[in-house]
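Working notes, beginning with the structure itself.
Read-outs throughout are calculated quantities, based only on the coordinates presented, and are distinct from any laboratory measurement. Everything quoted here is computed from the prediction, not taken from an experiment. Because the Cβ atoms are built from the backbone with ideal geometry, glycine has one as well, and the counts that use them run over all protein chains shown.
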Ligand SMILES: C[S@@+](CC[C@H](N)C(=O)[O-])C[C@H]1O[C@@H](n2cnc3c(N)ncnc32)[C@H](O)[C@@H]1O
């Protein structure tokens, strides 16, 4: 999808988006308040961002096997570590959002598809010290760097990395968890694989599971996959934050709902300052 198309999609998303001040559902209000509006700096952030900064300055190149839909920016198999750190990782803003999501709902058995350098894994595993995260990465050289990130990190986190293609490692990872409380799907951004990961993960999910899909508006294929997932009757609540989508399966949500949400600072008039 061209950058112009992504901008157009964003404007259409933004136009329809609610902020915390527009939301009546207590569950979604709590979500928006805790996950989008909370500006606190948690203990883990500084140390993880220090690790990211080291990678951003690292000019070494590594050989990368690309098993996914690839990068919009960097299509070569030889990549600079700094370029991976700049282009492939969740930004601090998004990674902190994942931290707050896990900190709010406290899922314990987490799976991440797409480790890259391990930055999002560190955020997610630090958000709940009872959490056990299994993170999956295809590229050997990238997986080795992620292992170094985990070693460098000083806080006690439980992270296991499985290296190999998702089609092989996801079933293995799922067999290792008693139940799947949380999945972050952040690799191989194509329609059918995304739908397949959803189905495979769903087999181990329960009513309180949370699935997060990254880059849902990154391509036509990802938008189609996200639309299909939102329409699925098993999904009782879907929340589009534009850069990622989050789904919930709670049966107590008798009426299936979908929200587009932005932080209130992006729609300041929603706070009522300008007589909404
Ligand atoms: C967007 S990056 C993950 C970023 C990371 N979650 C973060 O936010 O810090 C996606 C990663 O998934 C890996 N990947 C993509 N498709 C894969 C596949 N089919 N099997 C295994 N790994 C794959 C890529 O090598 C890449 O490192």
Inset, instruction - Calculate the radius of gyration of the Cα atoms of region 174-276 to one decimal place, then report Dmax, the largest Cα-Cα distance, as a whole number, both in Å. - result: 15.3, 54
Legend entry - Highest to lowest packing among 123-135, 214-226, 142-154, 36-48, scored as the average C-beta count within 10 Å: 123-135, 214-226, 142-154, 36-48
Legend entry - Average silhouette area of region 83-187, convex hull of alpha-carbon atoms, in square nanometres: 6.0 nm²
Inset, instruction - For n ≥ 4 DSSP H runs only, could you compute -39500 (n - 2.57) per run for the chain, divide by its residues and tell me the 222 nm figure to the nearest 500? - result: -12000 deg cm²/dmol
Legend entry - Modelled FRET efficiency - R0 35 Å, residue 33 with residue 63, Cβ distances, 0.05 increments: 0.20
Inset, instruction - Between residue 130 and residue 271, with labels modelled 7 Å along Cα→Cβ, what's the label distance in nm to one decimal, could you check? - result: 3.5 nm
Inset, instruction - Give, to the nearest whole percent, the P(r) tail of region 135-229 beyond 23 angstrom, counting all Cα pairs. - result: 31 percent
Inset, instruction - Just the ratio, please: alpha-carbon radius of gyration of the chain over 2.2 N^0.38 Å, N its number of residues. - result: 0.98
Inset, instruction - Based solely on C-alpha atoms, express the radius of gyration and the Dmax of region 226-270 in angstrom. - result: 12.1, 35
